[in-house]
Amino acid sequence: MKNPIITLTTDFGLKDPYVAEMKAVILNIKPDVRIVDLTHEIEKFNVKMGGYVLASAAPYFPKDTIHVVVVDPGVGTKRKPIIIKTKKAYYIGPDNGVLILAARKQGITSIYEISNRKLMLPRVSNTFHGRDIFAPAAAHLAKGVELSEFGPEIHEFTIPEFAKILRRKNKVVGEILHVDGFGNIITNFRGKELLKIGDVVCMELKDRQMKMKVCASYADVKPGEPLAIIGSHDFLEISINQGNASEEFSVKAGDKITIYRSCSNPEVD
């Protein structure tokens, strides 16, 4: 690859040597690669948060960027290490769903299991696949190794619950992906889910039913008033202008949200 970029997303933090060890392994194999830290502050073991952050940032990187994600509470188990190729990028990490939001958005073209021990460190620990499997795989890929050399192509992979939308005749059911630092409630509904709904959305959020205006900006409502908005990453957000929606509605990541296809539904006031 010409001028390869490898990004790193982990829940390691920066107090310990783990991130530096991954970078050292990469640079020993491909010294001229550019390494970009997306974040190492994913909440410990929070696959959902890792998936959301990756899906938000990945689209802005150049074509053929290699994204390595290590949020891996199942490290050492039978879950597979994988490489996903999309129309724009490569994603390397555990098959636990953390890569799927980002990869699906770009169009998955193929997935390979990483099983070739020659493309790993000589000694693979049961607790640090980020250093021993994922970092070497990214470096070898950047160096030009073909995907087929890493292992067999696979066609079954983990689709996490947070990437699923349940569609019913009169409603769609999703969940809260993330609550950002402003208290905005970010759902797993893409903008396309709302195209046929109009400028008002009727929803149920943690047993609370409400009707809310779909706005183009936070300032479209008065300070302290709630609104729905398609955020900068194309996810539906529930917000309060200059307020904290997660506190107001007492919700957290993982809570379900139902959107009705019509506000004439008798279940919604």
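FYI, it's all coordinate maths here, none of it is from the lab. Remember, it's a predicted structure, so these values are computed and weren't measured experimentally. Positions of Cβ are backbone-derived with ideal geometry, glycine not excepted, and every protein chain shown enters the neighbour counts.
Tell me the relative contact order for region 5-149 as a rounded percent, counting alpha carbon contacts under 8 Å between residues six or more apart.
27
How big is D, in µm² s⁻¹, for region 118-165 by Stokes-Einstein at 20 °C and 1.002 mPa s if Rh is the Kirkwood radius over C-alpha pairs?
Estimated diffusion coefficient is 169 µm²/s.
Which far-off residues, 5 or more places away or on another chain, put their amide H under 5 Å from the one on ASN188, with H placed in the peptide plane?
Amide H to amide H, under 5 Å and 5 or more residues apart or across chains, ASN188 pairs with GLU175, LEU177.
Considering only C-alpha atoms, what is the centroid distance from region 202-261 to region 119-157, in Å?
Each part reduced to its Cα centre gives a spacing of 41 Å.
Report, please, the projected area of region 164-260 averaged over directions, based on the convex hull of its C-alpha atoms, in nm².
Projected over every direction and averaged, the Cα hull of region 164-260 covers 5.6 nm².
Long-range amide H contacts for HIS67: which residues qualify at under 5 Å (H placed 1.01 Å from N, peptide plane, sequence gap of 5 or more or a different chain)?
When sequence neighbours closer than 5 places are left aside, the close amide H contacts are THR7, TYR90, TYR91, ILE92.
Could you run the Debye sum over the Cα atoms of region 5-149, one equal point scatterer each and no solvent, and tell me log10 of I(q)/I(0) at q = 0.19, 0.21, 0.22 Å⁻¹, two decimals?
-1.13, -1.45, -1.63
Would you please name the chymotrypsin sites (Phe, Trp or Tyr not before Pro) within region 1-99 that are DSSP coil residues with at most 16 other C-beta atoms within 10 Å of their C-beta?
The qualifying sites are PHE45.
Filter LYS44/LYS105; LYS44/LYS171; LYS23/LYS48; LYS23/LYS118; LYS63/LYS143; LYS48/LYS78 down to the pairs with a C-alpha to C-alpha distance above 27 Å, please.
Table pairs above 27 Å Cα-Cα are LYS44/LYS171.
Across region 53-68, in residue order, what do the Karplus-derived ³J(HN,Hα) couplings come to in whole Hz, using 6.51 cos²θ - 1.76 cosθ + 1.60 with θ = phi - 60° and x for Gly and Pro?
Going residue by residue, I get 4, 4, 4, 6, 8, 4, x, 8, 8, x, 4, 6, 4, 9, 9, 10 Hz, with x marking Gly and Pro.
Over the chain, what is the relative contact order in whole percent, taking alpha-carbon pairs under 8 Å and six or more residues apart?
15
Going by Cβ distance under 4.7 Å, what cysteines of the chain have no possible disulfide partner?
Taking the Cβ cut-off of 4.7 Å, the unpaired cysteines of the chain are CYS215.
Any idea what diffusion coefficient the chain gets from Stokes-Einstein, in µm²/s, Kirkwood Rh on alpha carbon pairs, 4 °C, 1.567 mPa s?
In µm²/s, the coefficient is 66.
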